[in-house]
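**Student:** Structure below; questions to follow.
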Amino acid sequence: MRLQAQARENDQLRAKLERIEPELDELKGIDQLLRDALVSAERTTEKLKQDARAEAELTVKQARKRADELNMKAESDRHRLEQEREELEKTTKQAKERCRELLTQALEVIERSDSPTALDSEQQELPAPLGHLNDA
């Protein structure tokens with residue numbers, strides 16, 4: 001009887017195994033699909049990271065190049081403006097000196113004409129910029 005009970009138990013276990021094996025095979029298939037999906041997701045993630053890193057490096061490189069270009073232009077503009085400022089200072093100084101000379105010459109003419117030794121009949125020559133006053 002014990003043998004029969006064991007035989008019956010073996011039959012029940014075989015039947016149960018036959019019912020469970022397809023489920024186990026299905027679960028193994030699902031497990032493999034999940035593993036494949038996980039590997040694919042990891043690869044995709046790594047590819048996205050590499051692409052993002054490359055794009056960031058390119059953006060930084062372009063930004064540095066643009067910054068260098070702007071710095072060079074700013075330096076060039078600064079140099080040009082410095083030269084223009086120096087030229088304007090030089091021109092201003094020359095204009096002041098020329099005005100000072102003309103005013104000194106005009107003052108000398110006025111002082112000579114006011115002096116008692118000046119001859120009334122003699123016409124005094126004014127410097128060229130003031131020469132039109134000689135015609136008066």
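**Student:** Among LEU58, LEU3, which is surrounded by 10 or more Cβ atoms within 10 Å (Cβ to Cβ) and among the aliphatic types (A, V, I, L, M)?
**Tutor:** That would be LEU58, the only listed residue that is surrounded by 10 or more Cβ atoms within 10 Å (Cβ to Cβ) and among the aliphatic types (A, V, I, L, M).
**Student:** Take LEU48 and tell me if it is out of contact with any helix residue (DSSP H, G or I) (no Cβ under 9 Å at 6 or more places or on another chain), aliphatic (A, V, I, L, M), at negative phi and surrounded by 10 or more Cβ atoms within 10 Å (Cβ to Cβ). Don't jump to the end; show me each part of the working.
**Tutor:** On the way: out of contact with any helix residue (DSSP H, G or I) (no Cβ under 9 Å at 6 or more places or on another chain): yes; aliphatic (A, V, I, L, M): yes; at negative phi: yes; surrounded by 10 or more Cβ atoms within 10 Å (Cβ to Cβ): yes.
Here the answer is yes, as LEU48 does meet what is asked.
**Student:** While we're looking at this one, here's another question. Would you mind stating whether GLU75 is in a helix (DSSP H, G or I) and over 35 Å from the mean Cα position of the chain (by Cα)?
**Tutor:** no
**Student:** Just a yes or no: is a residue in the stretch 61-84 surrounded by 10 or more Cβ atoms within 10 Å (Cβ to Cβ) and in contact with a helix residue (DSSP H, G or I) (Cβ under 8 Å, 6 or more places away or on another chain)?
**Tutor:** No: the stretch 61-84 contains no residue that is surrounded by 10 or more Cβ atoms within 10 Å (Cβ to Cβ) and in contact with a helix residue (DSSP H, G or I) (Cβ under 8 Å, 6 or more places away or on another chain).
No lab work stands behind these numbers, since they all come straight from the coordinates. What you are looking at is a predicted structure, and each value in this text was computed from that prediction instead of being measured. When we count neighbours, we look across all protein chains shown, and the Cβ atoms used for this are built from the backbone with ideal geometry, even at glycine.
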